[in-house]
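Note sheet for the following structure.
The values are calculated or read from the model by the stated rules, or taken from the named source; none is laboratory data. Since the structure is predicted, the reported quantities are computational estimates derived from the model, not experimental observations. Cβ atoms come from the backbone with ideal geometry, glycine included; neighbour counts cover every protein chain shown. Just the protein is used for accessible areas: all its heavy atoms, side chains included, with ligands, DNA and RNA removed. Shrake-Rupley method; radii C 1.70, N 1.55, O 1.52, S 1.80 Å.
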Amino acid sequence: MKSLLPLVMAVTLLSACQRDPAAAPATEPQTTATATPMAEAPAPTPAADDTAAPAGPVSQASFLGYGDMKLGSTVDEARAAWGGELNGAPMEGTTCHYLWPKWITRPADFAFMMEDGRFVRYDVGTDKETAPGGGKVGMSVEELQKLYGGALKASPHKYTQGGQYLSMDAGDVAPTRLVFEVDAAGKVTSWRVGLSPQVEYVEGCS
């Protein structure tokens, strides 16, 4: 009997040739990632402006003068520094007179004293202006003394019984003086800043 080994081997090889090639391992289909749009950031809120000017008008009164008008300057220099129209003119034969803005209806409320061709003092009789240091018409003696740290010196009023003057020097700031006039009720009725001796004229240019 012939050996069956060659036949078995032939059958085995034939089966191997008819077997499907091994399939490649399946791969996951590639997907294109879609970016999710980010939510739009809210616009920043503007910060508060710490440099904003304070509300309300700022007084130009100082121991040196009023605004650009400097005590001791000539009348022409004072007029130029004011920059607007000023009413008032000296009377014949006098050396002292007042000038005041054209919009002032009552010169006693706000006026500039000129003497011997110089700007020497300014007078205020309204609470719309603030004196150097913060004093105003309508304040009490107690309020003034507290505001100025007790530096105001008192003296009797020349015409008002029970009234007084409260004054102080500008010190090293300028050779000027601040004077408040106070009535019998202890309330400020007017104030002035000026050079000596003009600031002490209790009757103004009269």
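Find all pairs meeting these conditions: Cβ atoms under 6 angstrom apart; at least six residues apart or on different chains; first residue within the stretch 51-66 and open to solvent by 60 Å² or more (accessible area, probe 1.4 Å); second residue outside any loop (DSSP other than H, G, I, E, B) and modelled with pLDDT under 80.
none
Among the residues in the stretch 175-184, are any more than 27 Å from ALA78 (Cα to Cα), open to solvent by 20 Å² or more (accessible area, probe 1.4 Å) and not aromatic (Phe, Trp, Tyr)?
Within the stretch 175-184 (the criterion being more than 27 Å from ALA78 (Cα to Cα), open to solvent by 20 Å² or more (accessible area, probe 1.4 Å) and not aromatic (Phe, Trp, Tyr)), the answer is yes, since at least one residue qualifies.
Say we look at the stretch 185-201 and pick out the residues that are small (Gly, Ala, Ser) and part of a strand (DSSP E or B); which of these is surrounded by the fewest Cβ atoms within 10 Å (Cβ to Cβ)?
Of everything passing the filter in the stretch 185-201, SER190 is surrounded by the fewest Cβ atoms within 10 Å (Cβ to Cβ).
How many of the residues in the stretch 163-179 are closer than 17 Å to MET139 by Cβ, out of contact with any Pro (no Cβ under 9 Å at 6 or more places or on another chain) and among the small types (Gly, Ala, Ser)?
Number satisfying all stated conditions: 1.
Can you name the residue in the stretch 75-110 that is part of a strand (DSSP E or B) and under 26 Å from the mean Cα position of the chain (by Cα) and is also surrounded by the fewest Cβ atoms within 10 Å (Cβ to Cβ) among such residues?
It comes out as PRO101.
Looking at VAL137, VAL120 in this structure, which one is within 28 Å of the chain's Cα centre (by Cα) and among the hydrophobic types (A, V, I, L, M, F, W, C)?
That would be VAL137, the only listed residue that is within 28 Å of the chain's Cα centre (by Cα) and among the hydrophobic types (A, V, I, L, M, F, W, C).
Consider ASP127 carefully, then state whether it is out of contact with any Leu (no Cβ under 7 Å at 6 or more places or on another chain) and assigned to a strand (DSSP E or B).
Judged against the criteria, ASP127 is not a match.
Examine the stretch 168-182 for a residue that is part of a loop (DSSP other than H, G, I, E, B), closer than 23 Å to ASP127 by Cβ and of a type outside the set (Gly, Ala, Ser), and state whether such a residue exists.
The answer is no, given that none of the residues of the stretch 168-182 is part of a loop (DSSP other than H, G, I, E, B), closer than 23 Å to ASP127 by Cβ and of a type outside the set (Gly, Ala, Ser).
Cβ-Cβ distance below 9 Å, separation of 6 or more or different chains: which pairs start in the stretch 101-114 with a residue that is over 20 Å from VAL199 (Cα atoms) and among the β-branched types (Val, Ile, Thr) and end on one that is surrounded by fewer than 17 Cβ atoms within 10 Å (Cβ to Cβ) and modelled with pLDDT of 95 or more?
Every condition considered, the pairs that remain are ILE104/ASN87.
Of all residues in the stretch 125-149, which are closer than 20 Å to THR176 by Cβ and not β-branched (Val, Ile, Thr)?
Passing the criteria: GLY125, GLU129, ALA131, PRO132, GLY133, GLY134, GLY135, LYS136, LEU144, LEU147, TYR148, GLY149.
Give the number of residues within the stretch 124-174 that are among the small types (Gly, Ala, Ser) and open to solvent by 30 Å² or more (accessible area, probe 1.4 Å).
9
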